[in-house]
Ligand code: HEM
């Protein structure tokens with residue numbers, strides 16, 4: 001009965017398929033939110049007729065990311081994880097752990113700063129309430145909007161670091177760390193497997 005999600009007594013070679021699915025879905029959604037923010041929203045003047053539609057997509061997408069991230073966090077706590085694969089460099093292992101937790105905090109901070117900006121500037125009503133009011137000329141005077149921009153840069157840098165680390169494990173260290181975040185048989189591992 002308790003075997004359905006939490007199986008600490010068995011060691012597994014991959015993460016739970018729901019966790020794997022959420023990982024890759026969130027990767028796509030977060031990169032899309034960053035790309036829309038940087039390449040579409042930021043350069044778009046508030047007088048552009050399409051801006052409200054893009055903001056609607058970006059803001060709703062950000063909320064979906066938050067919900068999926070929370071679900072992912074719970075699934076991670078409740079499911080069996082593969083044994084930790086430490087490298088020969090303890091400092092790198094500590095960095096990896098910090099980066100993984102930093103993702104949760106950063107995504108949360110992105111959503112909070114985005115939401116605060118939307119509420120204090122009143123664009124939440126313009127975007128979702130169809131009031132017909134014009135968007136403010138610029139949002140850069142709001143500290144939460146400035147923080148949203150800096151946090152986005154930090155998030156993009158962490159994603160780059162995360163991808164480089166995954167490539168290092170796959171092609172330099174040649175271990176199975178990346179495969180653990182893939183679909184497939186999740187058989188019981190032997191203590192020596194990497
Ligand atoms: C993980 C979630 C999110 C990511 C990765 C993200 C990313 C971004 C990026 C990269 C920018 C442009 C930053 C710049 O050039 O300085 C931006 C702008 C913005 N985002 Fe987000 N965002 C997220 C969630 C949200 C949420 C939940 C809201 C509101 C509910 C929101 C509201 C805004 C607003 C209002 C702007 C400013 C648009 C403008 O200045 O014209 N964002 N976002």
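Nothing in this text is a laboratory measurement; each read-out follows from the coordinates by a stated rule. Keep in mind that what you see is a predicted model, and the values were worked out from it rather than measured. Glycine gets a Cβ as well: all are built from the backbone with ideal geometry, and neighbour counts include every protein chain shown.
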Practice item. At q = 0.18 Å⁻¹, work out log10 I(q)/I(0) for the chain with the Debye formula, treating every Cα as an identical point scatterer and leaving solvent out; two decimals please. Key: -1.21
Exercise for review: Choose one answer from 89, 81, 176: the residue with the largest mean-square fluctuation in a GNM of the chain with alpha-carbon springs under 10 Å.
Suggested key: 89
Check your understanding: Fewest first, what order do 38, 142, 150 take by the number of other Cβ atoms within 10 Å?
Key -> 150, 38, 142
**Study point:** Gain on full stretching of the segment that runs from residue 60 to residue 116 - 0.36 nm per residue minus C-alpha separation
**Key:** 18.7 nm
Review point. For the residues 110, 69, 44, what sequence is obtained by ranking on other C-beta atoms within 10 Å, fewest first?
Key: 44, 69, 110
Check your understanding: How high is the FRET efficiency from residue 78 to residue 98, r the C-beta distance, R0 22 Å, rounded to 0.05?
Key -> 0.45
Point to revise | Computed label-point distance, nm, for sites residue 27 and residue 187 using a 7 Å Cα→Cβ extension | key: 2.5 nm
Review point. What percent does the relative contact order of the chain come to when contacts are Cα pairs within less than 8 Å and at least six residues apart?
Key: 36 percent
Check your understanding: Ranking 51, 56, 174 by Cβ neighbours within 10 Å, fewest first, what do you get?
Key -> 174, 56, 51
Practice item. For the stretch 89-159, calculate the relative contact order in percent as a whole number, restricting contacts to Cα pairs under 8 Å that are 6 or more residues apart. Key: 39 percent
Check your understanding: Extension gain residue 133-residue 164, at 0.36 nm per residue separation less the Cα-Cα distance, in nm?
Key -> 6.7 nm
